[in-house]
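Written below as structure tokens is the structure these notes are about.
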Amino acid sequence: MGRSDALADAHGRVMRDLRVSVTDRCNFRCLYCLPETEEAADFYRAKYDPLRNPQPATPIAREWKPKSEILTFEEIERVVRVAVSLGIEKVRVTGGEPLLRVGVENLVGKLASIEGIADLAMTTNGFLFGPKAVALRAAGLRRVSFSLDSLDRANFRKITGRDGLNELLAGIRQAQELGFQPVKVNAVVIRGLNDHEIESLAEFARAENLSLRFIEFMPLDSSRAWQRELVMPGREILAQLQRRFDLQPVASDNPSETARRWRFADGRGEIGVIAPVTEPFCGHCNRLRLTADGKIRTCLFSLHDHDLKPLLRGESDDSALAARLVEIVRGKEPGHRIGQPDFVQPERTMSCIGG
Ligand code: SAM
Ligand code: SF4
């Protein structure tokens with residue numbers, strides 16, 4: 001069976017990648033996502049520039065969705081199955097923190113058995129990975145990405161709001177031992193917070209044979225405290241790494257890949273830079289997102305989402321669901337507007353979208 005191009009948008013892009021958020025809840029309070037700790041407030045207070053922004057932004061009023069609004073595993077499986085029949089090939093289970101969803105390994109098992117998924121992965125903060133690792137692997141999960149923004153215990157706690165570095169490092173080791181391949185690590189870099197750790201994180205990737213991605217800080221935090229000055233541009237990150245390491249570019253035949261990648265000339269591991277703010281890649285975006293409460297988002301920065309629950313919980317059959325997905329994708333926006341005068345931060349934080 002040939003792959004379908006049914007999920008083509010009006011700008012010539014074909015959707016192949018679906019991010020599935022299984023919960024909006026999280027056990028961390030990352031400073032760039034859910035900055036709800038005193039330390040996070042202090043950090044932003046110290047960076048706040050009243051001359052540039054006379055009015056402090058109003059934080060997004062975050063509420064966890066009630067269970068009745070969260071899709072069941074059967075509903076998620078149905079959306080994914082229909083999306084795969086329309087050409088989706090990559091599925092990533094995310095959140096909030098996906099490992100907080102009770103029985104998430106059962107969902108992974110259901111998704112792994114859908115014919116046509118070439119790549120099934122999960123993004124996690126890793127705190128609860130250890131106890132779930134074997135079950136996830138047995139259920140058919142092959143790839144996992146961990147969020148690791150600091151190797152310093154105090155800075156890790158400041159960034160994530162949780163004293164969880166040891167659990168995360170143990171989770172990464174366990175993923176490697178169990179044969180997850182590749183084990184990826186994501187680090188959001190914020191100027192004045194963890195930019196001094198760029199080299200040690202890269203050294204860690206080399207020593208541990210990890211695939212590390214440095215990500216620019218995007219305006220998706222619940223406090224709306226993002227400022228352009230806090231973004232460490234991808235090219236600065238790369239320049240810093242090139243001064244320290246001998247890096248060789250890794251060629252990619254996938255134009256939709258978000259990371260520019262390099263390998264260490266003298267060792268294992270790989271680093272990548274994802275620069276959505278300073279070098280947007282919207283023209284090649286092939287991603288859709290399904291939120292935990294059943295909404296399709298065509299862009300991280302969409303100001304509207306599309307509720308599938310009335311279809312999923314009504315009488316509609318799969319062909320109606322497929323037709324709705326095709327229609328939604330046709331309206332995918334050409335790109336985000338970060339940095340433009342008309343940019344408006346969405347009402348949903350990264351934790352409620354599914355990164
Ligand atoms: N809780 C899991 C985790 O942290 O890995 C999965 C969900 S989290 C929303 C997915 C990814 O989004 C993480 O790698 C996180 O670092 C990234 N992220 C969250 N807020 C971000 C922001 N404001 N800018 C850039 N990346 C962000
Ligand atoms: Fe941090 Fe992920 Fe939780 Fe956001 S969803 S607070 S990035 S662990």
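The values are calculated or read from the model by the stated rules, or taken from the named source; none is laboratory data. Small disclaimer: the values here were computed from a predicted structure and weren't measured. Neighbour counts are summed over all protein chains in view; Cβ atoms, including those assigned to glycine, are modelled from backbone coordinates with ideal geometry. In case anyone asks, the SASA skips ligands and DNA or RNA and just uses the protein heavy atoms, side chains included. Shrake-Rupley method; radii C 1.70, N 1.55, O 1.52, S 1.80 Å.
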Residues meeting the amide H criterion for T278 (H placed from the backbone, H to H distance under 5 Å, 5 or more places apart or on another chain) are G234
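Tell me the relative contact order for segment 133-281 as a rounded percent, counting alpha carbon contacts under 8 Å between residues six or more apart. Write down the numbers at each step before the final one.
Working: 237 pairs, mean separation 32.4, N = 149.
With pairs under 8 Å counted, the relative contact order is 22 percent.
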Taking the dipole about the Cα centre of the chain, with the C-beta of Lys and Arg at +1 and of Asp and Glu at -1, give me whichever of P346, P280, I114 is farthest to the positive side. I114
Derived scalar couplings ³J(HN,Hα) [segment 230-236; Karplus, 6.51 cos²θ - 1.76 cosθ + 1.60; whole Hz; x for Gly, Pro]: 8, 7, 8, x, x, 5, 6
Counting pairs of alpha carbon atoms under 8 Å apart in space and at least six apart in sequence, what relative contact order in percent does the chain give? 24 percent
So, over other residues within a Cβ distance under 15 Å of P219, counting Lys, Arg +1 and Asp, Glu -1, the net charge is +2
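Calculate the dipole size of segment 1-110 relative to its Cα centre from +1 charges on Lys and Arg beta carbons and -1 charges on Asp and Glu beta carbons; express the result in debye to the nearest 20.
Here the size comes out at about 240 debye.
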If you average the C-alpha positions of segment 239-278 and of segment 285-346 separately, how far apart do those two centres end up, in angstrom? 31 Å
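Under unit Cβ charges (Lys, Arg +1; Asp, Glu -1), what dipole magnitude, rounded to 20 debye, does the chain have relative to its Cα centre?
With Lys and Arg at +1 and Asp and Glu at -1, about 140 debye.
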Distribution output for segment 240-342: share of Cα-Cα pairs per 10 Å bin in percent, first bin at 0, values 12, 32, 25, 19, 10, 2, 0
For segment 64-203 (alpha-carbon point model, no solvent) the Debye-based log₁₀ I(q)/I(0) at q = 0.21 Å⁻¹ works out to -1.25
Put +1 on the Cβ of each Lys and Arg and -1 on the Cβ of each Asp and Glu in segment 11-82; which of A46, S21, L34 then has its Cα farthest toward the positive end of the dipole? S21
Equivalent-ellipsoid semi-axes (√(5λ), Cα gyration tensor) for segment 204-281, whole Å, largest first? 25, 14, 11
Excluding residues fewer than 8 positions from K295 in its own chain, the lysines with Cα under 30 Å of it are K65, K67, K90, K110, K132, K184, K309, K332
Compute for segment 279-333: radius of gyration divided by Kirkwood radius, i.e. Rg/Rh, restricted to C-alpha atoms, rounded to two decimals. 1.01
Over segment 35-96, what number does the Rg to Rh ratio reach, with both radii from the alpha-carbon atoms and Rh per Kirkwood? 1.23
Set the Förster distance to 35 Å, then compute FRET efficiency between L178 and L303 from the Cβ-Cβ distance, nearest 0.05. 0.30
Determine, at each q value in 0.20 (inverse angstroms), the log₁₀ of I(q)/I(0) that the Debye formula gives when each Cα of segment 158-261 is one equal point scatterer. -1.27
In whole percent, what relative contact order does segment 247-315 give with Cα contacts below 8 Å and a gap of six or more residues? 18 percent
Debye intensity ratio I(q)/I(0), log10, segment 1-49, q values 0.14 Å⁻¹ (C-alpha model): -0.64
Whole-Å distance linking the alpha carbon centroid of segment 26-87 with that of segment 113-145 is 22 Å
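For the chain, which whole-number percentage of the solvent-accessible area (1.4 Å probe, protein heavy atoms only) is attributable to carbon and sulfur atoms?
The value for the chain is 50 percent carbon and sulfur by accessible area.
Viscosity 1.002 mPa s, temperature 20 °C: Stokes-Einstein D of segment 1-136 from its Kirkwood Cα radius, in µm² per second? Walk me through the intermediate numbers first.
Numbers: Rh = 17.6 Å.
Here the translational diffusion coefficient equals 122 µm²/s.
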Suppose every Lys and Arg Cβ carries +1 and every Asp and Glu Cβ carries -1, with no other charges. What dipole size does segment 58-99 come out with about its Cα centre, to the nearest 20 debye? 80 debye
Taking only the alpha carbons of the chain, what extent do you get along each of the three principal axes, in Å, biggest first? 55, 50, 37
Around E279: net Lys/Arg minus Asp/Glu count, Cβ-Cβ under 11 Å: +1
Burial-style ranking of 59-67, 208-216, average other-beta-carbon count within 10 Å with highest first, yields 208-216, 59-67
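Express the Stokes-Einstein translational diffusion coefficient of segment 110-158 in µm² s⁻¹, to the nearest whole number, given a Kirkwood radius over alpha-carbon pairs, 37 °C and a viscosity of 0.692 mPa s.
Estimated diffusion coefficient is 261 µm²/s.
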